[in-house]
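Visitor: I'd like to ask some things about the structure below.
The values are calculated or read from the model by the stated rules, or taken from the named source; none is laboratory data. Just so you know, these numbers come straight off a predicted model, no measurement behind them. Counting neighbours? That spans all protein chains shown, and the Cβs are built from the backbone with ideal geometry, glycine included. These area figures cover heavy atoms from the full protein model, side chains too; ligands, DNA and RNA do not enter into them. Shrake-Rupley method; radii C 1.70, N 1.55, O 1.52, S 1.80 Å.
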Amino acid sequence: MDCLFCSIVAGDLPSERVLEDDHVIVFRDIQPQAPTHLLVVPRRHLASMDELDDPALGGAILAAARRAARDAGLTDGWRLIANTGTDGGQEVPHLHFHVLGGRRLGRMLPG
Ligand code: DGP
């Protein structure tokens, strides 16, 4: 298996899992950018948001992100990010969403 996150999903590589269900796993990012930095990863291999063709899976990902943020105690807010493709800054080509919180995050959009 040559996909890093598929290996983590399969349990062939270690991760600090905080939540899992039939569709997704959630584990701590190895290079945290905030006090809480989690990755929500579908068990099924999809390269990025460009391949997310299943609305039910999209819903499961969002529900897991919300549950993980709540479990992490992010009551003052949090951010969900899916870097997509080269211009989007995606480094690992298996769909994942970042859940970031625990500090005031800077604005990402002008305005
Ligand atoms: P992205 O740029 O959106 O593809 O982010 C990939 C993230 O994955 C990055 O924040 C670091 C994280 N990461 C990379 N390799 C590993 C790993 O082996 N374990 C864990 N837990 N996180 C990883």
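Visitor: For the stretch 12-56, which positions are free of Cβ contacts under 8 Å to residues at least 24 places away in the same chain and within 13 Å of the ligand (Cβ to nearest atom)?
Guide: Within the stretch 12-56, ASP12, LEU13, PRO14, SER15, GLU16, ARG17, ILE25, PHE27, ARG28, ILE30, GLN31, PRO32 qualify.
Visitor: Could you tell me which of the residues GLY77, GLY101, GLY85 is of a type outside the set (Val, Ile, Thr) and within 25 Å of SER7 (Cα to Cα)?
Guide: GLY85
Visitor: For the condition small (Gly, Ala, Ser) and farther than 23 Å from PRO42 by Cα, what is the one hit in GLY106, GLY88, GLY101, GLY73?
Guide: Checking each option against the conditions leaves just GLY106.
Visitor: I'd like the full set of residues that are open to solvent by 60 Å² or more (accessible area, probe 1.4 Å) and within 14 Å of PRO35 (Cα to Cα), limited to the stretch 75-91.
Guide: THR75, ASP76, TRP78, ARG79, listed by residue number.
Visitor: Can you find, within the stretch 95-105, the residue that is nearest to ALA34 (Cα to Cα) among those that are out of contact with any Ser or Thr (no Cβ under 8 Å at 6 or more places or on another chain) and open to solvent by less than 50 Å² (accessible area, probe 1.4 Å)?
Guide: It comes out as LEU105.
Visitor: For the stretch 19-29, enumerate the residues that are over 17 Å from ASP71 (Cα atoms) and surrounded by fewer than 16 Cβ atoms within 10 Å (Cβ to Cβ).
Guide: ASP22 - this is the single residue of the stretch 19-29 that is over 17 Å from ASP71 (Cα atoms) and surrounded by fewer than 16 Cβ atoms within 10 Å (Cβ to Cβ).
Visitor: Which residues, counting only those in the stretch 30-74, are assigned to a loop (DSSP other than H, G, I, E, B), exposed (fewer than 14 other Cβ atoms within 10 Å of the Cβ) and of a type in the set (Gly, Ala, Ser)?
Guide: GLY73
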